[in-house]
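Data first, discussion second: the structure below is written as structure tokens.
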Amino acid sequence: MKDCVFCRIIARETAADVEYEDDAVLAFRDIYPKAPVHVLIVPKRHIASVMAMEAADAETLGRCLYAARKLGEAKGFAERGYRLRVNCGPEGGQVVYHVHLHFLAGGRTSGA
Ligand code: 5GP
Ligand code: ZN
């Protein structure tokens, strides 16, 4: 989608440090990390928010969750664990309206 910062990253029009990619999902480091490891996991197809998702988007968002598992294994957190966060809408702290999981790991992440 035009004017979406994450769609521009997916299209490789904006640079990002990619950590994981498959046919449905891209994951890249957050530009302002709030934990020692802070990666954003996004569907390649533009979905604005959980608040705007349709039933047909459920599989795509499930692929994002599965990508979190893969990312956790690849980065050495399969046993230690990590935190996944999804901000939804203005009062949920969502700033970028392309749905994403925050993958937070590497120490205390409860305040992140
Ligand atoms: P939200 O508050 O919408 O859940 O989170 C948006 C996140 O996207 C923030 O943590 C912010 O640092 C990150 N972010 C915003 N713009 C960019 C960008 O251009 N590149 C990257 N890598 N992260 C971004
Ligand atoms: Zn987008």
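The values are calculated or read from the model by the stated rules, or taken from the named source; none is laboratory data. Predicted model only: the values in this text are computed from it and were never measured. Keep in mind that these areas ignore ligands, DNA and RNA; they rest on the heavy atoms of the full protein, side chains included. Shrake-Rupley method; radii C 1.70, N 1.55, O 1.52, S 1.80 Å.
Here are a few things to note about the model shown:
- Here, P(r) means the percent of Cα pairs in each 10 Å bin from 0 to the largest distance; for segment 5-105 it is 16, 52, 30, 2.
- Karplus-derived HN-Hα couplings along segment 89-95 (A = 6.51, B = -1.76, C = 1.60, θ = phi - 60°), whole Hz, x at Gly and Pro: x, x, 7, x, x, 6, 10
- Accessible surface calculations at 1.4 Å, restricted to protein heavy atoms, place the chain at 58 Å² per residue.
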